[in-house]
1. Give me the compactness ratio for segment 14-83, meaning the Cα radius of gyration over 2.2 N^0.38 Å.
2. Could you tell me the center-to-center distance, by alpha carbons, between segment 265-297 and segment 29-44 in angstrom?
3. State the percentage of accessible surface on segment 302-430 attributable to carbon and sulfur atoms; use a 1.4 Å probe and exclude ligands, DNA and RNA.
4. Show me the three semi-axes of the equivalent ellipsoid for segment 93-213, from the C-alpha gyration tensor (sqrt of 5 times each eigenvalue), largest first, rounded to whole Å.
5. Quick one: ranking SER23, SER234 by accessible area, 1.4 Å probe, largest first, what do you get?
6. Starting from the exponent 0.38 and prefactor 2.2 Å, build the expected Rg for the chain from its residue count and divide its actual Cα Rg by it.
7. Just how much of ILE346 is accessible, in Å², when a 1.4 Å probe is used and the result is rounded to the nearest 10?
8. Counting only protein heavy atoms, what percent of the accessible surface of segment 144-268 is carbon or sulfur at a 1.4 Å probe?
Amino acid sequence: MVGESLQSISPVRVRFAPSPTGSPHIGNIRTALFNFLFARANNGKMILRIEDTDQGRKSEGAVEEILSSLQWLGINWDEGPYDEAGGSAGDYGPYFQSQRLDIYNIHANNLIDSGLLYHCFCSSERLDQLRKENQLLKQPIKYDRHCLKTLDKQKRVQLAESGQPHILRFYVRSQNELIVLNDIIRNDVSWDPNLIDDFIAIKSDGFPTYHFANVVDDHLMNITHVLRAEEWLSSSPRHLLLYQAFGWKAPNFAHLPMILGTDRSKLSKRHGSTALLEYRKKGLLPETMINFMALLGWALDDKTEFFSYHELVDSFSLDRVTKSGAIFDFDKLNWMNGAYIRALSIDDLLERSLPYLERTFIDGGLHDDVKRPIDKEYLRQILVLVQERIKTLDELTYMTSIFFLDIVDYEGVEWEQNQWTIDDIKSSLESVLSEFRSINSWELGVIEKTLRTLAENLDVKAGRLFGLLRLVVTGRPSSPPLFQMLHVLGKKRTCNRVEAVLSIIGAE
Ligand code: GLU
């Protein structure tokens, strides 16, 4: 196995290197997960590095969202920008690229000395023009080396030192040999170097480009394996040229398959939520997400679907990662979450459900209706009734609200259904009320017996009476089983609801 053979060479070190440009999406975190599992499966280390060199695309709060996403799922990095105390952990920091500019400068200077980086002073207008000409002639878009041809090295350095705005470009030597990447997942992938532009290494704001910083850091941080999304495959030839220019050994690369929607197009907002934290908000369990995301491009066999974290660590290997796109099936995710929820103990479910129920109404919770704190013993009894019926924790708000609300919402309820006339309903509910009032011990069996006897006495089919009562206590056509529900609701709440309906229909 790949991991095993390489482990003997050097301890596995992988990195997750997100750019803080927005809330991390499923694809980003799947990359983080695969890195994490690979590190754990090989007794290696996972490094978190924040690639924040693109000042224009930095977005407020993105770093925090990256950290929360990883922490929520228990993807604990070994080295990175923060340790538990909030400091930097590890010997290879800083782990924010924006704090490593001196390091990039030193390395850029080395390549200037060896003639592999050169200053370019061309204006963006000139470059635009050049691009248009390339396009018109149907040529690959390439810089024409104007500055290299018209200015000698001494002049270029002099101009740069005098403050002339410039960038640093990498000099791509023309060569006959193809650039070949031996990708762990994709085997040999090759590119013609003659089609590669003299790409930018350092931008005019002094920050490195992704390519330059990424290679310098992967080398300096002793990264042995780069596991990243397929979209970065096309950057690899430039990275390999940089490794070659520095005289460094390139790490092993594995480009992970794309994530697709069920229509086989690239997963996007069109298919549903793609931001990972949306799933937390909806009440997906972290263990479901880990299990589900592990299967986005990896499988142990063609049947096993449920994996605990430890089982994943035991069985994860790159040779089972697929080349072809991985389908993200939202229905399957919900189904899997339902199964994980059903497997929780009631105490566990209780603790996990509280943050959802205690959210504000706007966030999908009950906070605006229920006085805090929610009575845990009461909630516990409710959860026993609804655990089987939910797929995500956010469904609990609707499911449990009938137990918490003082006033049931009867809007839209058609009382005269199922052969009930208003007069029948009235007289039946009056009997129900008086029977309920006379119950001393509000036990499940007593409630059931009382209602069954009453149905007989009233000469109504039991099912009809129960259906009416369900509507009375919930305002909804379906709910958890009636007797258990009444039992949990308690005598007082139940009687209040019957009274409320009597007064509504009395007024009609
Ligand atoms: N900063 C890149 C990203 O946002 C990292 C790509 C790589 O892993 O090389 O995904």
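The values are calculated or read from the model by the stated rules, or taken from the named source; none is laboratory data. Everything quoted here is computed from the prediction, not taken from an experiment. So basically every Cβ, Gly included, is an ideal-geometry build from the backbone, and we count neighbours across all protein chains shown. Just so you know, the surface numbers come from the protein's heavy atoms only, side chains and all, with ligands and any DNA or RNA stripped out. Shrake-Rupley method; radii C 1.70, N 1.55, O 1.52, S 1.80 Å.
1. That works out to 1.06 for segment 14-83.
2. 18
3. Numbers: 3500 of 7200 Å².
About 49 percent, which is the carbon plus sulfur part of the accessible surface.
4. Values: eigenvalues 120, 101, 39 Å².
Over the Cα atoms of segment 93-213, the ellipsoid semi-axes are 25, 22, 14 Å.
5. Numbers: SER23 45, SER234 65 Å².
These residues rank, largest area first, as SER234, SER23.
6. Values: Rg = 31.9 Å, N = 508, 2.2 N^0.38 = 23.5 Å.
Ratio of Rg to 2.2 N^0.38 Å for the chain: 1.36.
7. Taking all protein chains as shown, ILE346 has close to 30 Å².
8. 48
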